[in-house]
Amino acid sequence: MGLLKKLIIGLFLLVVIGAIAVYGIRYYYLNAYDRVLVEGKTETVSGDVFYLSHVLEPGKYYINANSEGTVGKITILDESGNVLTESETNEFIYGSTQPFQVRVDYKAPVGVDSYEVKIEIYRLVEK
């Protein structure tokens, strides 16, 4: 029983350390870099929609998507349209040495004809 207890405690500590690392990296990028707005758009839409950015230059970016409905996911695509990575959150920090595009899927709220969606893409520049 002692070995099982040590394994469970070790797993718990790894999860806690991982969560602290993720938030620490996010905090570092948002405070050690200036944000320069590359794309920003607010629009009133109806139904499930998506936003596709133009091709972004290589670099580090902060992507922030908001909606009165639900932000389904943020997808990073290469120039050919192949999926590089996805995030099911409404904000995302992504860095690349290759050009890429951002696609954001929005889900409509139930029982509403139209709703507002917003996307902001910032290039992170060292202070």
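The values are calculated or read from the model by the stated rules, or taken from the named source; none is laboratory data. Everything numeric in this text was worked out from a predicted model, so none of it was measured. Using ideal geometry, Cβ is built from the backbone for each residue, glycine included, and neighbour counts are taken over all protein chains shown. Accessible surface is based on the protein model in full, side chains and every heavy atom, while ligands, DNA and RNA are left aside. Shrake-Rupley method; radii C 1.70, N 1.55, O 1.52, S 1.80 Å.
Scanning the stretch 88-103 finds no residues that are open to solvent by 60 Å² or more (accessible area, probe 1.4 Å), in contact with a Ser or Thr (Cβ under 9 Å, 6 or more places away or on another chain) and of a type in the set (A, V, I, L, M). Remark: pairs (first residue in the stretch 17-34, farther than 17 Å from Asn64 by Cβ; second residue assigned to a helix (DSSP H, G or I) and open to solvent by less than 100 Å² (accessible area, probe 1.4 Å); Cβ separation under 9 Å; 6+ apart in sequence or on different chains) are absent. If you check Glu116, Glu86, Glu120 for being under 13 Å from Gly47 (Cα atoms), part of a strand (DSSP E or B) and not β-branched (Val, Ile, Thr), only one passes: Glu116. Of all the listed residues (Thr42, Thr89, Thr85), the sole one being among the hydroxyl-bearing types (Ser, Thr, Tyr), over 16 Å from Leu124 (Cβ atoms) and in contact with a Lys or Arg (Cβ under 7 Å, 6 or more places away or on another chain) is Thr42. Scoring Thr85 on the criteria (1) in contact (Cβ under 8 Å) with a residue 40 or more places away in the chain; (2) open to solvent by less than 90 Å² (accessible area, probe 1.4 Å) leaves a single failure, condition (1). Tell me whether the stretch 3-21 contains one or more residues that are open to solvent by 70 Å² or more (accessible area, probe 1.4 Å), hydrophobic (A, V, I, L, M, F, W, C) and either in a strand (DSSP E or B) or under 30 Å from Lys127 (Cα atoms) (or both). Yes, the stretch 3-21 contains at least one residue that is open to solvent by 70 Å² or more (accessible area, probe 1.4 Å), hydrophobic (A, V, I, L, M, F, W, C) and either in a strand (DSSP E or B) or under 30 Å from Lys127 (Cα atoms) (or both). Restricting attention to the stretch 5-37, the residues that are closer than 20 Å to Lys73 by Cα and aliphatic (A, V, I, L, M) add up to 1.
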